[in-house]
Amino acid sequence: MSSPLPAPFTASVLPDDAVELGRIQEAWGIKGWMRIHPHSTDTQALFASPQWFLQPPEARFARGFSAFSCSVSVTVADIKMHADGVVARFEGMDDRSAAEALKGVRIFVPRSVFPPTPEGEYYWVDLIGLDVVNREGEHMGVVRDLMSTGPNAVLVLEYTDTIDGVEQTAERMIPFVAAYVDDVDRAARRITVDWQKDY
């Protein structure tokens, strides 16, 4: 029989719609606060969710990690912006050594609890995997990633191209701005753009 998890952790199944939003970077201060490294500049979902799901670091970062070995959930006691980053504290954890033991831990939040976005704005996670076609109906690729370039984001598409009779995976980038993006249809999993294959 496995021993119970120490506070503040509760063994939990990762929700089906869980999205990895960041990781714990390091302890911050002496009262259990941690510096959080968000995967995106949009941190609304981290701030909106009172419960986070945690998983151990990936194997290459997990040397010496022993806080837990399964998916766990925690209640967020406090979270705030500090300087140019995010710091947080969990209920039931109030000392630096406990925070230090969580370095590298991955943070997940269910997509269902994300705050709604204003008209015409989207969470990056909602765009990953969508097909992109241009006005002529040509398939431009599938959104593999988004890249921030300051004020705007750029869609990073993956597509298959045939070069000298050999199929190869290639990459195409399209600025995610109204001048080039005509429509985002999440239900149809399609983005329509004003873009040509030879741009």
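Show me the trypsin sites (Lys or Arg not before Pro) within the stretch 7-102 that DSSP assigns to loop and that have at most 11 other Cβ atoms within 10 Å of their Cβ.
Here the trypsin sites (Lys or Arg not before Pro) that fit, given the DSSP loop and packing criteria, are Arg63.
What net charge do the residues around Ala153 carry, taking every other residue with its C-beta under 12 Å from that of Ala153, with Lys and Arg at +1 and Asp and Glu at -1?
-3
Which FRET efficiency value, to the nearest 0.05, is calculated for Arg111 and Asp78 with the Förster distance at 35 angstrom and r the Cβ-Cβ distance?
On the way: r = 23 Å, r/R0 = 0.67.
Efficiency, from the Cβ-Cβ distance: 0.90.
Per-residue ellipticity at 222 nm for the chain, helices alone: DSSP H runs ≥ 4 residues times -39500 (n - 2.57), over residue total, nearest 500 deg cm²/dmol?
Rounded to the nearest 500, the figure is -1000 deg cm²/dmol.
Work from the charge dipole of the stretch 88-183 (Cβ charges, +1 for Lys and Arg, -1 for Asp and Glu, about the Cα centre) and give the residue of Gly137, Thr149, Ala170 farthest towards its positive end.
My answer, from the dipole projection, is Thr149.
At 7 Å along the Cα-to-beta-carbon direction for both Asp185 and Asp16, put a label point, then send me their distance in nm to one decimal.
2.5
Size of the chain along its principal axes in angstrom, Cα-based, largest extent first?
59, 38, 29
Taking the Cβ of Gly104 as the centre, find all other residues whose Cβ is under 9 Å away and add up their charges (Lys, Arg: +1; Asp, Glu: -1).
Charge balance in the 9 Å sphere: +2.
Once you put a point 7 Å from the Cα of Ser148 and another 7 Å from the Cα of His37, both along the Cβ direction, what distance in nm separates them?
According to this spin-label approximation, the distance is 1.4 nm.
Can you give me the C-alpha center-to-center distance between the stretch 29-70 and the stretch 157-199, rounded to a whole angstrom?
33
Go ahead and set up a Gaussian network model of the chain, Cα springs under 10 Å, then flag whichever of Val177, Val74, Val143 fluctuates most.
Of Val177, Val74, Val143, the Gaussian network model singles out Val177 as fluctuating most.
I need to check one value: relative contact order of the chain, counting alpha carbon pairs closer than 8 Å and at least 6 residues apart, in percent. Mind showing how you got there, number by number?
Numbers: 396 pairs, mean separation 38.5, N = 199.
Reported as a whole number, the value is 19 percent.
Laboratory data are not the source of any read-out in this text; all were calculated from the coordinates shown. In this text the structure is predicted, and so the values were computed from the model without any measurement. In this analysis, Cβ positions are derived from the backbone assuming ideal geometry, glycine residues included, and neighbour counts consider all displayed protein chains.
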